[in-house]
1. Which condition number in (1) surrounded by fewer than 19 Cβ atoms within 10 Å (Cβ to Cβ); (2) more than 23 Å from V111 (Cα to Cα) is the one that R267 fails?
2. Which count do you get for residues in the stretch 48-63 that are farther than 17 Å from R228 by Cα and either at pLDDT 85 or above or of a type in the set (A, V, I, L, M) (or both)?
3. Restricted to the stretch 198-223, and to residues that are of a type outside the set (D, E, K, R) and under 16 Å from the mean Cα position of the chain (by Cα), which residue is surrounded by the fewest Cβ atoms within 10 Å (Cβ to Cβ)?
4. Could you check L159 against (1) under 14 Å from A230 (Cβ atoms); (2) in contact with a Ser or Thr (Cβ under 6 Å, 6 or more places away or on another chain) and say which number it fails?
5. Limited to the stretch 165-194, what total is found for residues that are part of a helix (DSSP H, G or I) and surrounded by 20 or more Cβ atoms within 10 Å (Cβ to Cβ)?
6. Determine which member of the set G170, G112 is under 15 Å from L251 (Cβ atoms) and either over 19 Å from the mean Cα position of the chain (by Cα) or not β-branched (V, I, T) (or both).
Amino acid sequence: MFIVTDDSNSMSSSLVAIRALVRRDFAITRSYRLSFAMEAVYGVLGLILYYFISRTFGDVSSSTIGTSYFDFAAVGLIVGTVIVATTASVGYRVREEQTTGTLEALVAAPVGTVELSVGLVGFPFVFATFQAIFYLAVAALFLGLDVENADWPGLAAVLLSAGLALAPIGVLSAATVLVFKRGQFIAGAIVYLMTLLGGMLFPIAVLPSWIQPLADVLPLRFAFHGARAALFTGEGWETDSLVLVVWAVILWPVGLLAFDRAGTYARKAGSLSEY
């Protein structure tokens, strides 16, 4: 188990620890300004790519995906930014800590498993949310994304509940790195598969019938569907958000337990500084 101070159960001390981790990650990201700018450029280029794909194959009409394929794909890309940041990217960040020699000091810090886990996923989620807002603004202002019927508080609720539900997957990704060193590739592959099955770039209805039942229960499916419902119809997102909260209740204990056990194993094996 990670080192915990006597007042680790205090809400104020927990928030201080989480805020310190988020500020640290923000300082690191801010120091790489070119990388920050290039991420924004690549995101906009992705939107432009699907905009022209949509124009090539013509518009579709559906109340659940917007007025065009671009509407459907753009929301998938935008929400996918938040999903990837809070899941697979966390494992890559922990792997980076491992290879630069800072992981051992991070794990030995006087914070509990909960604080460390939330701190690791906190900044990626916040940063990706601002990226999503930027991409959404670009798509609506310059690429014709249909947001006439948007329920903005509903969209915010879906993104928040999606972050809560999917962040434990990021914690599990970090746990695989602690145990297997390069476990981030495993987590990344799983997340990539889930984005495809969850309806990121095409409706679940086009999947083979034998795999649709699995796709229908994935948390990513509710994140994508809820975001599209909030943006294009302004209603129907509440159920998706509620299901995501249920997923959060299920996955957080699993993620925290796995991360705690992985940290204990790595410390006993003396492998935190190995890569």
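1. (2)
2. 4
3. Within the stretch 198-223, the first condition is being of a type outside the set (D, E, K, R), and the residues that meet it are 198-215, 217-220, 222-223.
Of the ones still in play, those that are also under 16 Å from the mean Cα position of the chain (by Cα) are 198-200, 218-220, 222-223.
Values: G198: 24, G199: 26, M200: 21, L218: 18, P219: 23, L220: 28, F222: 27, A223: 31.
Checking each candidate, the answer is L218.
4. (2)
5. Let us first name the residues in the stretch 165-194 that are part of a helix (DSSP H, G or I), namely 165-180, 184-194.
When the remaining residues are screened for being surrounded by 20 or more Cβ atoms within 10 Å (Cβ to Cβ), the result is 165-178, 184, 187, 191, 194.
Total meeting the criteria: 18.
6. On the way: G112 fails: under 15 Å from L251 (Cβ atoms).
Sole residue among the options that is under 15 Å from L251 (Cβ atoms) and either over 19 Å from the mean Cα position of the chain (by Cα) or not β-branched (V, I, T) (or both): G170.
The values are calculated or read from the model by the stated rules, or taken from the named source; none is laboratory data. What you see is a predicted model, and the numbers here were worked out from it, not measured in a lab. Glycine gets a Cβ as well: all are built from the backbone with ideal geometry, and neighbour counts include every protein chain shown.
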